[in-house]
Amino acid sequence: RAIKEKHTERELLLEDQRVSKVAEEYLRENPSILEKVDECPICLEPIFDVDGAVVSLCCGKQTCKDCLQQWYAVNDTCVLCREGVPRESEVLGILLTKAAAGTAWAQCCLGSKYYHGLSGLAADKRKAESLYRKAVDQGYSIAQCHLGRLERARDNGSEACQLFEDAASQGHMNALGRVAAYYCGDEEDEVKSARLFAVSAKLQKTDPFPLVNLGYLFALGEGGLQQSDERSMYYLKLAIEENLLHPGCMVYYASALQKSAMMYYPDNEIVPSGCNSFPEALFWYRRASADSVGAE
């Protein structure tokens, strides 16, 4: 068990160093991203994890969610414009007024309200898309990502990819993970895809999509990555912990658990107590099977 843990620890340390280097190289190759990306006014770090940030409804600026929670614990005004935090009953009126005036962030936020039927609005996806497009016309990255998801759902791959690329070029690393999915086919594209998944996984933590894809790539030894059950299992477990319970993800995770146990303990009858991962592998196989049947 000690040997197994030591080997796994080394593998994951090497993987962390690898993705850190890949992300640093990507930002060096694309210096305009650091010029365009929003900066948290509290921690002063670039906001690459846009889906995990909060847009202030007074001025439209983005702030890290954790930073903002700490700020509001002792303050009741915006960290930037010093306006009072609007009450829930005031939010819709603010968004309607600012959206009508052509404010991109307000159009995007109002579009999301219509899309999900929030703040007393009836769900209206056409209205939501119209507002997203108005914000996209002004180059607003969050709206580009939202509209990209709508185009992807319609199987408009080229339009979706372009929108995700436009968002990623402004530092929206959640969108970069979606761009990576459109690179497939020959070996060179698969290597690029694996690289973009690594950058997205390193610079944002909200979207588990890059995690599960890195898990698949390591499991299969594709995308220029050497096959590694330890690294595959690491990424798939992170994805599962983020509630990405896709049957395919669960099957690959279970397979990695099974292969890991068989590698170190070929005879599962003498696996030491606390080291037997076969029951956990069986659990995820059964869970994936049940979810697949339920989806039919």
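The values are calculated or read from the model by the stated rules, or taken from the named source; none is laboratory data. Not measured: the values here are computed from a predicted model. Glycine also receives a Cβ, built like all others from the backbone with ideal geometry; neighbour counts cover every protein chain displayed. Note: areas computed on protein heavy atoms with side chains; ligands, DNA, RNA excluded. Shrake-Rupley method; radii C 1.70, N 1.55, O 1.52, S 1.80 Å.
Here are some notes:
- For the range 108-124, the set of residues classified as polar (S, T, N, Q) and within 23 Å of the chain's Cα centre (by Cα) consists of Ser112 only.
- Residue check for Ser255: of a type in the set (Ser, Thr, Tyr), crowded, with 16+ Cβ neighbours inside 10 Å and at pLDDT 95 or above: no
- When residues in the range 21-69 are screened for being open to solvent by 40 Å² or more (accessible area, probe 1.4 Å), part of a helix (DSSP H, G or I) and in contact (Cβ under 8 Å) with a residue 24 or more places away in the chain, 4 of them pass.
- Of all residues in the range 134-170 being outside any helix (DSSP H, G or I) and at pLDDT 95 or above, the one that is most open to solvent (accessible area, probe 1.4 Å): Asp137
- Number of residues in the range 171-194 that are in a helix (DSSP H, G or I) and surrounded by fewer than 20 Cβ atoms within 10 Å (Cβ to Cβ): the value is 6.
- When Leu220, Leu238 are checked against the criterion of being in contact with a Leu (Cβ under 6 Å, 6 or more places away or on another chain), modelled with pLDDT of 70 or more and open to solvent by 40 Å² or more (accessible area, probe 1.4 Å), a single residue qualifies: Leu238.
- Candidates Val199, Val212 - the one that is modelled with pLDDT of 95 or more and open to solvent by less than 20 Å² (accessible area, probe 1.4 Å): Val199
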